[in-house]
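Report on one structure; see the data block that follows.
The values are calculated or read from the model by the stated rules, or taken from the named source; none is laboratory data. Owing to the predicted nature of the structure, the values given are computational and were not obtained by experimental measurement. Positions of Cβ are generated from backbone atoms using ideal geometry, with glycine treated the same way; all protein chains shown enter the neighbour counts. Only protein heavy atoms, including side chains, enter the accessible area calculation; ligands, DNA and RNA are left aside. Shrake-Rupley method; radii C 1.70, N 1.55, O 1.52, S 1.80 Å.
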Amino acid sequence: PERLAYLEMTADQVGACEMARLLRRLELPRPWSVRWSSWSSSGNSVVGSHASPIRHVAGVNHHGRALAICGDSDGELRAWDLMTGDIVGPAVPTQAGLWRFSVTHLDGDLVALVTGPRAGEMCLWNLESAVAVGVVALPGNVDAALAASVEDRLLTVARYGSGAISIGYFGGHPH
(Lines give C-alpha, C1' and ligand atoms only; values in the text may rest on other atoms or scores of the structure.)
Protein backbone atom coordinates (compact mmCIF):
# COMPACT_ATOMS: atom_id res chain seq x y z
CA PRO A 1 0.00 0.00 0.00
CA GLU A 2 2.81 2.46 0.78
CA ARG A 3 4.33 1.95 -2.68
CA LEU A 4 1.05 3.07 -4.26
CA ALA A 5 1.15 6.29 -2.22
CA TYR A 6 4.75 6.96 -3.29
CA LEU A 7 3.91 6.20 -6.93
CA GLU A 8 0.99 8.64 -6.84
CA MET A 9 3.19 11.35 -5.29
CA THR A 10 6.00 10.78 -7.79
CA ALA A 11 3.59 10.93 -10.73
CA ASP A 12 2.46 14.36 -9.50
CA GLN A 13 6.03 15.53 -9.01
CA VAL A 14 7.22 14.65 -12.50
CA GLY A 15 4.12 16.06 -14.21
CA ALA A 16 2.44 12.73 -15.09
CA CYS A 17 -0.94 14.21 -14.15
CA GLU A 18 -3.07 11.63 -15.96
CA MET A 19 -1.23 8.78 -14.27
CA ALA A 20 -1.61 10.45 -10.87
CA ARG A 21 -5.33 10.96 -11.51
CA LEU A 22 -5.81 7.30 -12.43
CA LEU A 23 -3.86 6.14 -9.37
CA ARG A 24 -6.10 8.27 -7.13
CA ARG A 25 -9.17 6.53 -8.58
CA LEU A 26 -7.91 3.08 -7.56
CA GLU A 27 -9.89 1.85 -4.59
CA LEU A 28 -6.92 0.30 -2.86
CA PRO A 29 -5.85 0.99 0.70
CA ARG A 30 -2.90 3.32 1.20
CA PRO A 31 -1.42 4.84 4.37
CA TRP A 32 -1.49 8.37 2.95
CA SER A 33 -2.37 10.31 -0.19
CA VAL A 34 -1.02 13.47 -1.81
CA ARG A 35 -3.31 16.27 -2.95
CA TRP A 36 -0.49 18.32 -4.48
CA SER A 37 3.27 18.18 -4.62
CA SER A 38 6.20 19.97 -6.13
CA TRP A 39 9.65 18.77 -7.01
CA SER A 40 12.78 20.31 -8.41
CA SER A 41 15.58 18.14 -9.70
CA SER A 42 18.03 20.96 -8.97
CA GLY A 43 17.77 20.42 -5.20
CA ASN A 44 17.24 24.16 -4.64
CA SER A 45 15.94 25.10 -1.18
CA VAL A 46 13.66 27.90 -2.44
CA VAL A 47 9.94 27.15 -2.07
CA GLY A 48 7.19 28.97 -3.97
CA SER A 49 7.68 32.69 -3.98
CA HIS A 50 10.36 32.82 -1.28
CA ALA A 51 13.30 34.69 -2.73
CA SER A 52 15.89 33.19 -0.40
CA PRO A 53 16.53 29.72 1.07
CA ILE A 54 14.06 28.28 3.55
CA ARG A 55 15.72 27.85 6.96
CA HIS A 56 12.91 26.51 9.15
CA VAL A 57 9.39 25.10 8.79
CA ALA A 58 6.69 24.70 11.43
CA GLY A 59 3.32 23.00 11.07
CA VAL A 60 0.05 24.13 12.64
CA ASN A 61 -3.69 23.56 12.33
CA HIS A 62 -5.45 26.93 12.01
CA HIS A 63 -9.23 27.13 11.69
CA GLY A 64 -9.31 23.55 10.42
CA ARG A 65 -6.58 24.13 7.81
CA ALA A 66 -3.23 22.35 7.94
CA LEU A 67 -0.59 25.04 7.40
CA ALA A 68 3.17 25.02 6.96
CA ILE A 69 4.86 28.21 8.15
CA CYS A 70 8.15 28.72 6.29
CA GLY A 71 10.89 31.14 7.31
CA ASP A 72 13.70 32.15 4.98
CA SER A 73 17.20 33.54 5.46
CA ASP A 74 16.01 37.08 4.62
CA GLY A 75 13.60 36.95 7.57
CA GLU A 76 10.34 36.48 5.69
CA LEU A 77 7.63 34.22 7.13
CA ARG A 78 4.95 32.76 4.85
CA ALA A 79 2.05 30.43 5.55
CA TRP A 80 1.15 27.71 3.03
CA ASP A 81 -2.05 25.67 2.97
CA LEU A 82 -0.88 22.04 2.89
CA MET A 83 -4.00 20.80 1.11
CA THR A 84 -4.00 23.31 -1.76
CA GLY A 85 -0.42 24.60 -1.86
CA ASP A 86 -1.75 28.18 -1.75
CA ILE A 87 -0.12 31.01 0.19
CA VAL A 88 -2.29 32.03 3.15
CA GLY A 89 -2.16 35.62 4.36
CA PRO A 90 0.53 38.25 3.89
CA ALA A 91 4.29 37.80 3.95
CA VAL A 92 5.69 38.72 7.38
CA PRO A 93 8.95 40.73 7.14
CA THR A 94 10.65 39.91 10.47
CA GLN A 95 14.15 41.04 9.38
CA ALA A 96 15.58 38.12 11.39
CA GLY A 97 17.55 35.28 9.80
CA LEU A 98 14.88 32.67 10.53
CA TRP A 99 16.88 29.65 11.63
CA ARG A 100 14.31 28.91 14.34
CA PHE A 101 10.85 30.12 15.29
CA SER A 102 7.78 28.75 17.01
CA VAL A 103 4.12 29.02 15.95
CA THR A 104 1.03 28.88 18.16
CA HIS A 105 -2.36 30.50 18.72
CA LEU A 106 -3.00 33.41 21.08
CA ASP A 107 -6.49 34.84 21.55
CA GLY A 108 -7.54 33.05 18.34
CA ASP A 109 -4.78 34.62 16.25
CA LEU A 110 -1.92 32.71 14.64
CA VAL A 111 1.36 34.04 16.05
CA ALA A 112 5.06 33.29 15.61
CA LEU A 113 7.74 33.76 18.24
CA VAL A 114 10.98 34.72 16.49
CA THR A 115 14.44 35.13 18.00
CA GLY A 116 15.89 38.43 16.78
CA PRO A 117 16.41 40.35 14.59
CA ARG A 118 18.74 41.77 17.26
CA ALA A 119 20.72 39.51 19.56
CA GLY A 120 19.14 39.04 22.97
CA GLU A 121 15.52 39.55 21.99
CA MET A 122 12.39 37.62 21.04
CA CYS A 123 9.71 39.19 18.88
CA LEU A 124 6.07 38.08 18.63
CA TRP A 125 4.46 38.44 15.18
CA ASN A 126 0.79 38.18 14.26
CA LEU A 127 0.90 36.05 11.10
CA GLU A 128 -2.52 37.18 9.90
CA SER A 129 -1.80 40.93 9.99
CA ALA A 130 2.02 40.76 9.51
CA VAL A 131 2.45 43.07 12.53
CA ALA A 132 5.01 42.78 15.32
CA VAL A 133 2.93 42.77 18.50
CA GLY A 134 5.63 42.58 21.13
CA VAL A 135 9.35 42.38 21.85
CA VAL A 136 11.07 41.02 24.95
CA ALA A 137 14.72 41.72 25.79
CA LEU A 138 16.61 38.71 27.12
CA PRO A 139 19.78 38.42 29.19
CA GLY A 140 21.81 36.86 26.38
CA ASN A 141 21.70 35.46 22.87
CA VAL A 142 18.89 32.96 22.33
CA ASP A 143 19.57 29.96 20.08
CA ALA A 144 15.98 28.74 19.97
CA ALA A 145 12.59 29.59 21.44
CA LEU A 146 9.34 27.73 21.90
CA ALA A 147 5.92 29.28 22.48
CA ALA A 148 2.69 27.77 23.74
CA SER A 149 -0.64 29.37 24.56
CA VAL A 150 -1.62 28.57 28.16
CA GLU A 151 -4.88 30.04 29.46
CA ASP A 152 -4.73 32.92 26.94
CA ARG A 153 -1.15 33.77 27.91
CA LEU A 154 1.96 33.03 25.92
CA LEU A 155 4.39 30.75 27.75
CA THR A 156 7.91 30.88 26.28
CA VAL A 157 10.92 28.63 26.63
CA ALA A 158 14.27 30.04 25.48
CA ARG A 159 17.54 28.16 25.03
CA TYR A 160 20.77 30.13 25.26
CA GLY A 161 24.12 29.35 23.66
CA SER A 162 25.52 28.60 27.12
CA GLY A 163 23.05 25.73 27.48
CA ALA A 164 20.85 27.62 29.95
CA ILE A 165 17.06 27.45 29.61
CA SER A 166 14.59 30.13 30.71
CA ILE A 167 10.83 29.74 31.05
CA GLY A 168 8.36 32.58 31.47
CA TYR A 169 5.34 34.39 30.13
CA PHE A 170 5.76 36.76 27.19
CA GLY A 171 5.34 40.39 28.30
CA GLY A 172 1.54 40.68 28.31
CA HIS A 173 -1.14 40.23 25.67
CA PRO A 174 -0.49 41.35 22.10
CA HIS A 175 -3.77 43.24 21.98
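Remarks
- Of all residues making up the stretch 116-143, the number that are part of a strand (DSSP E or B) and farther than 16 Å from residue 169 by Cα: 4
- Test: residue in the stretch 93-115 that is exposed (fewer than 15 other Cβ atoms within 10 Å of the Cβ) and in a strand (DSSP E or B): yes
- Members of the stretch 40-72 that are at pLDDT below 70 and exposed (fewer than 12 other Cβ atoms within 10 Å of the Cβ): 40, 41, 42, 43, 44, 49
- Among residues of the stretch 73-92 being of a type in the set (Val, Ile, Thr) and assigned to a strand (DSSP E or B), the one that is least open to solvent (accessible area, probe 1.4 Å) is 92.
- Every test in (1) at pLDDT 80 or above; (2) under 15 Å from the mean Cα position of the chain (by Cα) is passed by residue 7 save one, and that test is (2).
- Subset of the stretch 89-121 [more than 15 Å from residue 55 (Cα to Cα) and either without any contact (Cβ under 8 Å) to a residue 24 or more places away in the chain or more than 17 Å from the chain's Cα centre (by Cα) (or both)]: 107, 108, 118, 119, 120, 121
- Complete set of residues in the stretch 1-22 that are open to solvent by less than 80 Å² (accessible area, probe 1.4 Å) and either in contact with a His (Cβ under 9 Å, 6 or more places away or on another chain) or assigned to a loop (DSSP other than H, G, I, E, B) (or both): 15, 16
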